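Notes for the one structure printed next.
The values are calculated or read from the model by the stated rules, or taken from the named source; none is laboratory data. Values in this document were obtained by computation on a predicted structure and should not be read as measured data. Cβ placement follows ideal geometry from the backbone for every residue including glycine, while neighbour counts extend to all protein chains displayed. In case anyone asks, the SASA skips ligands and DNA or RNA and just uses the protein heavy atoms, side chains included. Shrake-Rupley method; radii C 1.70, N 1.55, O 1.52, S 1.80 Å.
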Amino acid sequence: MKKIILPLFIMVLASCGDPKVNSENKNSSTQRDGQFDNYKNNFVEQLWKIYPGWASSQGYHNYDSVLIIPDESSRTKEIAFAKANLDSLKNYELSALSDNNKTDHHMIKNQLESIIWNTTEFRSYEWNPSEYNVSGAFAEMLNGNYDSLDVRLRNFYLKMANIPAFYEAAKKNIKNPTLEHTQLAIDQNLGGISVFEKDFHDALNKTRFGEHEKQSMEATAKMAVTAIKDYTDWLKKLDNKSPRSFRLGKELYSKKFEFDIQSGYSADQIYTKALEHKKDLHQKMFVLADKLWKKYLPEKSKPTDTLLLIRQMIDKLSEKHVAADSFQSAISQQIPMLVDFIKKKDLIYIDPSKPLVVRKEPDYMAGVAGASISAPGPYDKNGNTYYNVGSLSGWDKATAESYLREYNHYILQILNIHEAIPGHYTQLVYSNQSPSLIKSLFGNSTMIEGWAVYTERMMLENGYGNNTGSEEASDEMWLMYYKWNLRSTCNTILDYSVHTKDMSKEEAMKLLIDQAFQQKTEAENKWRRVSVTQVQLCCYFTGYTEIYDFREELKKKMGNEFNLKKFHEKFLSYGSAPVKYIRELMLAEMNKK
Ligand code: ZN
Ligand code: ZN
């Protein structure tokens with residue numbers, strides 16, 4: 001399945017239209033916005049014809065039975081679609097549009113240029129065999145409850161017919177793939193076979209289809225299984241004498257960073273900022289760990305190595321954690337405390353009519369633990385938004401203990417800030433107030449993740465996580481927060497260094513374990529992730545840095561006029577748009593006054 005945008009943790013609920021209009025030029029503006037709204041609707045309708053699989057994943061089910069064969073002719077259509085729409089966009093002068101439509105205009109343009117660049121320059125369809133994997137989309141059809149099982153199965157059946165041709169086209173596309181993506185493709189494709197071998201069969205048995213229909217469905221499923229196995233066999237035997245490196249190289253990396261991150265900073269600038277930030281964090285952590293030593297480890301002699309001293313203090317503080325069986329209740333109890341704190345400190349308006357629904361994670365998510373937000377897709381307006389909280393029941397003792405230390409007393413609170421309030425959930429509530437189908441489809445993950453990471457620091461700056469009787473966050477809380485913040489900082493350093501500076505696995509392990517204080521398993525997983533993805537690991541630190549820098553810039557400009565609550569509410573009112581455009585619009589509005 002071809003995915004253009006990987007949804008990161010949340011999807012944004014929205015509907016189209018309802019642009020906000022500037023007070024000036026109201027009449028002509030409204031008219032132009034109306035025309036642009038029509039254009040956008042038409043654009044999305046066309047988009048779904050080109051990318052039916054993406055449509056299904058967003059809850060638009062008209063093309064559920066279509067599987068596009070990824071050959072030259074489908075790529076030609078994609079490029080023609082992108083070029084035609086880039087032309088159409090030129091008809092809409094940015095200055096005549098509302099703020100909401102301005103950012104939509106930028107985001108559509110970026111998406112279209114990215115389609116052309118991906119097809120002509122990036123060409124991952126040649127070197128990334130894991131782009132070809134149909135099982136996820138088919139599994140969604142079995143699990144979704146958007147339509148009756150009969151309808152879903154009949155679409156499943158029709159769509160399945162193209163699977164052999166799909167993998168034949170894949171084989172023709174692939175040239176000198178990377179070894180990492182080849183292995184990933186083999187593992188993921190084999191892992192997905194059960195959808196056709198077992199899950200489909202089980203679902204079919206729940207229907208009252210006639211024997212004849214069932215038989216031809218089963219036969220098609222067998223053909224699908226054969227095609228997938230044939231593809232993985234072909235990959236295993238591939239005579240790949242000069243495999244491509246999984247490292248992107250500077251040129252492609254910088255360009256991909258521009259398209260995917262859409263930051264006001266370049267990849268090089270963000271890398272430099274991350275290095276400086278890491279240094280700064282280490283200094284602050286040393287001061288705190290040194291100060292806390294007497295309180296927690298009075299008997300123990302202090303290591304002379306500062307990083308080692310920090311690590312030992314972190315290990316000590318991590319012992320404070322909830323019991324395995326109260327993990328869920330601890331998370332639920334923190335939500336109202338976060339809301340109270342925000343109200344007391346006047347940090348941002350929290351709409352009381354939209355409380356967060358905390359629930360035990362549903363079965364299909366089980367085993368992930370932690371917490372995550374699930375929001376309904378853009379076409380599912382009546383769906384609920386949930387805060388899924390995992391349970392550790394059934395985990396063996398050692399695994400649970402290691403997990404609870406990772407999500408200890410301090411980090412668990414930061415996680416709730418990030419995922420729920422005032423992080424992802426609050427951002428979602430605000431973005432729904434300026435609904436935009438475009439932003440819910442192309443929502444900028446750098447802004448979304450950046451906001452969540454920004455709020456962690458903002459809450460502590462305002463005294464969240466204090467010892468009783470104090471108005472300031474405790475030293476313990478800050479130290480653990482810095483460790484958490486080092487994770488996103490080092491994600492950026494790692495991603496950039498691996499893809500553009502040839503960083504070895506050994507050097508990467510040193511960075512993550514010795515300098516970011518991670519456990520070996522976490523570091524190993526991160527290495528695996530960086531060798532099959534590019535740029536995505538940068539979105540957290542980049543977004544955080546942009547928002548933080550922008551806030552400081554405004555503070556300087558406005559002096560006593562600056563109001564934190566107003567800043568937050570205004571910033572979020574633009575929806576999930578890239579920070580650089582929000583900044584531009586906010587500054588323009590300020591200058592008008
Ligand atoms: Zn313990
Ligand atoms: Zn997040």
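Observations on the model:
- Stretching the chain fully between T207 and L297 yields a gain of 25.9 nm (0.36 nm per residue, less the alpha carbon separation).
- Three-way shape call for segment 254-353 based on the alpha-carbon gyration tensor, with the a/c threshold at 1.5: oblate
- Against the criterion of solvent-accessible heavy-atom surface with a 1.4 angstrom probe, T399, T500, T468 sort, most first, into T468, T399, T500.
- With 29 Å as the limit on Cα-Cα distance, the pairs of K439/K592; K172/K222; K172/K510 that go past it are K172/K510.
- Contact order normalised by residue count of the chain, Cα under 8 Å, 6+ apart, percent: 19 percent
- Solvent-accessible surface of protein heavy atoms, probed at 1.4 angstrom with all chains present, puts K526, K592 in the order K592, K526, largest first.
- Potential lengthening between K345 and A80 on full extension [0.36 nm per residue; Cα-Cα distance subtracted]: 90.1 nm
- Flagged links, alpha-carbon separation over 22 Å, of K40/K593; K102/K557; K109/K273; K278/K344; K273/K555: K40/K593; K102/K557; K109/K273; K278/K344
- The C-alpha atoms of segment 132-246 occupy a region whose extents along the principal axes are 52, 25, 19 Å, arranged from largest to smallest.
- Loop-located trypsin sites (Lys or Arg not before Pro) in segment 247-302 (DSSP state not H, G, I, E or B) with no more than 14 neighbouring Cβ atoms inside 10 Å: K300.
- For segment 258-592, the fraction of 1.4 Å probe accessible surface lying on carbon and sulfur atoms is 50 percent.
- Computed from backbone phi, the HN-Hα couplings of segment 333-347 come to 5, 6, 4, x, 5, 5, 4, 4, 4, 4, 5, 4, 8, 6, 8 Hz, rounded to whole numbers (Karplus: 6.51 cos²θ - 1.76 cosθ + 1.60, θ = phi - 60°; Gly and Pro given as x).
- Kirkwood radius, the chain, all distinct C-alpha pairs, inverse of mean reciprocal distance: 26.0 Å.
- Within the accessible area of segment 132-246, the carbon and sulfur atoms contribute 51%, probe 1.4 Å, all protein chains present.
- Converting phi to 3J(HN,Hα) with the Karplus coefficients 6.51, -1.76 and 1.60 and the offset θ = phi - 60°, segment 445-451 yields 5, 5, 5, 5, 5, x, 4 Hz in sequence order, with x at every glycine or proline.
- In the context of the full set of protein chains, the chain has a per residue accessible area of 46 Å² (1.4 Å probe).
- Where labels lie 7 Å past Cα in the beta-carbon direction, separation of N176 and L142 in nm: 3.9 nm
- Stretched out straight at 0.36 nm per residue, the stretch from D305 to M558 would grow longer than its current Cα-Cα span by 86.8 nm.
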